[in-house]
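A short worksheet on the structure shown next.
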Amino acid sequence: MVRIETIEIIGRQDRELSEISRSFSLGLSVEEMRRISEYFQREGRNPTDAELQALGQAWSEHCSYKSSKIHLKKYLMDIGTKGILSRGDAGVIAIDDKTAVAFKMESHNHPSAIEPYGGAATGVGGILRDVLSMGAQPVALTDVLFFGIRKVKGFPSPKFIEGGVISGIRDYGNRVGIPTLSGGITYARFFSPNVLVNVGCVGIVDRKKLLSSSVNIPGLKLIIAGGKTGRDGIHGVNMASETITREEDISTVQLGSPITKEPLMHAVLEANERGLIYALKDLGGGGLSSVVGEMLQSGGMGGSVYLDRVPLKVQGMAPWEIWISESQERMLLAVKEENENEIHRIMESWDITSSTIGVSEPGRRLRVFYGDEMAIDMDIDFLTNPQPYDRPSSFKEKRENTVIPKYPENIGKVILALLGDRNVRTREFAVRQYDHTVRGSTVLGPFSGIVGREGPTDASVIRASWDSYEGIAVGHGFNPFYSYLDPLAGGADAVDEAVRNIVSVGAEPIGFSDCLNAGSPEDPVVMGEFISMLRGMRSVAARLDIPFASGNVSFYNESGKRRIPTFPTVMAVGKTKDIRNVLSPDFKKISSPIYLVGLPTSDLGGSLYFRTIGVRGGVVPVSNPDFLSRRVRRILDAVNSGTVLSIHDISDGGLATSLGEMTIGSGIGASIDISPFGLRPDFVLFSEPTSSWVVEVKKEREKEFLEIMREDAILLGHTSADSLVISVGDERIASIENEAIRRRWKGGFR
Amino acid sequence: MTKLKITVTLKAVVEDAEGLSVLKALNLLGYRDVVDVRTGKVYYITLKKGGKRLGNEFCEKLLANPVINECVVDG
């Protein structure tokens with residue numbers, strides 16, 4: 001039975017071309033269709049359905065980054081590159097001579113908006129494979145989630161989405177046996193109905209065993225291993241390259257199976273350990289089509305693939321469906337012929353299906369067969385290189401309006417309101433469902449303090465190996481509220497926050513992964529915001545000379561008139577030489593001095609305080625990279641000198657919230673005086689200055705601490721028995737019992 | 001009183017991980033003739049009044065995920 005059709009496109013009118021693109025769900029523009037038509041004119045024949053589908057995949061925004069490539073190169077890719085060992089499916093940075101860390105953050109927004117449980121679960125599955133593709137053992141998962149507040153007609157309710165996403169992450173992460181260590185949940189009106197699911201993964205790899213995905217010699221066997229190929233997830237990438245218009249049907253959502261993934265990871269790592277794998281890549285968006293194309297293209301090879309040898313879930317799939325299916329849990333291995341049988345044997349011993357489906361060949365042709373039938377015969381460079389766009393961008397003039405709100409009557413009440421805000425209070429209802437200690441190498445998890453009453457941490461720390469005390473810290477930075485008002489400041493502050501969080505546990509930041517979320521790139525305003533965001537991110541990262549080793553871009557997060565702010569989720573990875581010195585934010589000892597590193601600001605635009613009291617607008621604080629860089633260096637020196645007991649960075653809710661959070665884990669309170677700042681007390685307490693931390697210092701070594709910090713540390717007060725007392729000079733403006741803080745932060749969610 | 005029996009299963013195109021595990025286990029127990037296992041969930045619902053139409057509403061609003069599930073109401 002022949003199921004390969006030829007589609008006549010040569011000589012067609014524009015209108016007909018766009019109709020073809022639509023009816024085959026290719027998601028290609030008329031210009032792109034015209035380019036394809038011209039190519040096949042040169043080939044002297046019309047394309048097959050498989051060829052058109054392959055182009056639709058390879059040229060989708062999701063696979064090709066055609067709208068963002070130029071800008072990413074210009075603003076992010078050149079920073080701190082000497083530290084990067086590899087930029088494959090995940091970024092790899094050395095932590096010492098022997099070991100490297102592979103990490104990546106990626107979005108799974110569109111699938112999660114349609115089928116939250118499966119979408120989020122496969123997001124976790126996909127990011128694990130990206131790290132595995134580098135030959136690395138995944139050691140930690142992270143997830144940063146953004147949920148809407150109101151239900152939008154025609155879309156599932158935010159509660160349904162939230163429940164589905166959290167249980168999807170839980171079920172996949174826990175079953176696959178990798179700890180879910182860190183992340184965040186943000187609620188805002190922007191995210192109805194465009195929910196965002198940004199997932200990250202960190203892995204450890206022996207530098208000698210680091211794998212590439214490039215097939216650069218002929219005669220390599222291409223082996224598909226893991227899950228079988230089915231009809232699930234066809235046209236997923238095309239969907240991710242369009243705005244959501246309705247609830248979609250099954251075919252665009254992939255279905256994950258952690259029970260297949262777990263042994264697949266073992267099998268791949270075993271094969272890599274024994275040096276049997278030449279190149280490796282995971283099958284994600286775009287399926288075989290993208291992966292085979294990219295592996296051959298990057299190594300300058302051609303090749304042949306036989307689709308009838310791909311193991312299938314259901315019979316009767318057309319060749320083009322097999323070629324572009326995004327079924328989960330699949331890896332493509334390129335191996336030398338002499339290792340082929342051994343690979344199949346290892347896979348079988350782990351109960352994993354594997355099949356040799358093709359071979360690399362000299363030349364630049366990709367040939368795909370189904371039996372004797374030719375499904376695809378194309379030039380690889382044409383297939384994998386869509387025309388990049390330099391889309392028009394427009395920049396809104398920044399409206400700087402300073403807003404001075406009324407002074408609140410009761411500061412204590414405001415502090416409690418902020419601590420109980422849905423974007424500050426505990427995330428235990430979600431995070432406690434995730435296993436964050438499996439594998440036994442978690443040093444600092446999402447919470448810390450006395451068992452049963454833990455408070456939040458800034459970043460998590462995981463042991464890098466069992467031969468040393470080296471540790472890896474993982475933290476995030478993001479602020480859609482800032483980005484909404486000022487994309488540039490939002491971009492800079494996201495990087496600043498990620499760095500702050502890593503430094504807070506006493507680790508040195510070494511790399512970023514950026515997950516960029518935006519609306520439609522065809523809208524010049526979005527493109528303008530996108531560029532501003534990149535500029536902001538660059539300003540901070542370049543000053544610190546820390547590279548963006550990996551990342552992804554998710555456009556088209558809009559539906560109708562609703563779109564999300566253009567903002568990044570930045571994952572930062574840090575290293576610490578000795579996990580025994582890792583710090584947590586809970587106060588450690590009564591009557592230790594407390595210092596503020598940084599300065600409060602009168603720029604409160606986008607702050608939680610303004611949002612809570614209903615003030616719109618205002619100026620968003622912008623990170624000052626010079627201050628950040630200096631303070632990071634000094635804080636790390638102070639931590640390494642052993643003078644610090646605990647640190648917490650200042651973010652949502654400002655100084656007051658940070659102090660409140662520090663009292664939760666240990667039940668030790670604080671007494672502070674904010675008169676030295678000479679600002680309105682509510683500004684001191686609730687402004688969210690960038691590059692700022694609260695530090696509890698060892699009393700007997702205070703002098704040493706000050707010698708290191710110099711002008712960057714300002715005395716706030718000292719820790720005390722059981723309440724948080726805030727004074728301005730002699731006047732006490734708030735006094736809250738620790739228990740009230742803890743109850744408010746922990747209690748009454750939903 | 002009306003009694004409804006609502007059966008929620010995975011659509012045929014959806015891989016049934018639980019079913020596959022049971023299939024594998026049965027094969028390992030020596031039942032080599034078992035070639036496919038699909039799992040699902042049955043709800044027995046008693047109504048004071050109303051009938052199948054309500055059952056379909058239950059499916060849509062609560063019991064089934066329209067993306068991956070199939071829902072059959074018997075009553």
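Where a number appears in this text, it was derived from the coordinates with a stated rule and is not lab data. Model, not experiment: these values are computed from the prediction. With ideal geometry, Cβ positions are generated from the backbone for all residues, glycine too; neighbour counts draw on all protein chains shown.
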Legend entry - chain A, relative contact order [Cα under 8 Å, separation at least 6], %: 14
Inset, instruction - Over the alpha-carbon set of region A:83-237, work out the extent along each principal axis and list the three values in angstrom, largest first. - result: 53, 37, 26
Inset, instruction - For region A:42-123, just say rounded, prolate or oblate: build the C-alpha gyration tensor, square-root its eigenvalues into a ≥ b ≥ c, call rounded for a/c under 1.5, and beyond that prolate if a/b exceeds b/c, oblate if not. - result: oblate
Inset, instruction - Obtain the nm distance between the two label points defined at A:Glu700 and A:Lys336 by a simple spin-label model: each point lies 7 Å from its Cα along the Cα-to-C-beta direction. - result: 6.1
Inset, instruction - Work out the mean other chain Cβ neighbour count within 10 Å for the residues of A:307-314 and drop it here as an integer. - result: 1
Legend entry - Under the span-like rule (Cα at least 15 Å along the axis, Kyte-Doolittle mean at least -0.5), DSSP H helices of chain A: A:116-132, A:158-176, A:258-273, A:287-299, A:487-504, A:524-544, A:625-640, A:654-664
Legend entry - chain A, helix-only ellipticity at 222 nm - DSSP H runs n ≥ 4, -39,500 (n - 2.57), divided by all residues, nearest 500: -10000 deg cm²/dmol
Inset, instruction - Alpha carbons only, please: Rg and Dmax for region A:585-750, in angstrom. - result: 15.4, 47
Legend entry - Above-threshold pairs, the threshold being 25 Å between Cα atoms, out of A:Lys73/A:Lys281; A:Lys561/A:Lys746; A:Lys228/A:Lys336; A:Lys413/A:Lys698; A:Lys208/A:Lys575: A:Lys561/A:Lys746; A:Lys413/A:Lys698
Inset, instruction - Take peptide B:11-23, look around each residue's Cβ out to 10 angstrom, count Cβ atoms belonging to other protein chains, and average those counts. - result: 4
Inset, instruction - Using only the Cα atoms of region A:363-469, construct the convex hull and provide its projected area averaged over every direction, in square nanometres to one decimal. - result: 18.9
Inset, instruction - May I have the pair-distance distribution P(r) for region A:429-573, computed from all Cα-Cα distances with 10 Å bins from 0 and rounded to whole percent? - result: 12, 35, 30, 18, 5, 0
Legend entry - Under 25 Å from the Cα of B:Lys52 - lysines, other chains or at least 8 residues apart: B:Lys3, B:Lys5, B:Lys11, B:Lys41, B:Lys61
Legend entry - At R0 = 35 Å, FRET efficiency that the Cβ-Cβ distance of B:Val72 and A:Arg150 yields, to 0.05: 0.55
Inset, instruction - Take A:Trp693, A:Trp350 and order them by how many other Cβ atoms sit within 10 Å, fewest up front. - result: A:Trp350, A:Trp693
Legend entry - Cα-based radius of gyration of region B:2-74 once divided by 2.2 N^0.38 Å, which approximates compact folds: 1.37
Inset, instruction - Over region A:119-197, consider all pairs of different Cα atoms and compute the Kirkwood hydrodynamic radius from their mean reciprocal separation; express it in Å, one decimal. - result: 13.3
Legend entry - Burial ranking of peptide ranges A:95-102, A:4-11, A:568-575, A:588-595 (average Cβ count within 10 Å, highest at the top): A:568-575, A:95-102, A:588-595, A:4-11
Inset, instruction - Using only the Cα atoms, work out Rg/Rh for the protein assembly as shown, with Rh taken as the Kirkwood radius, to two decimals. - result: 0.99
Inset, instruction - Name the shape class, rounded, prolate or oblate, that the alpha-carbon gyration tensor gives for region A:369-419, where a ≥ b ≥ c are the square roots of its eigenvalues, rounded holds for a/c under 1.5, and otherwise prolate holds if a/b is larger than b/c and oblate otherwise. - result: oblate
Legend entry - Relative contact order (percent, whole number), region A:466-567, Cα cutoff 8 Å, 6+ residue spacing: 37
Legend entry - Test item: B:61-67 mean partner chain Cβ contacts at 10 Å: 4
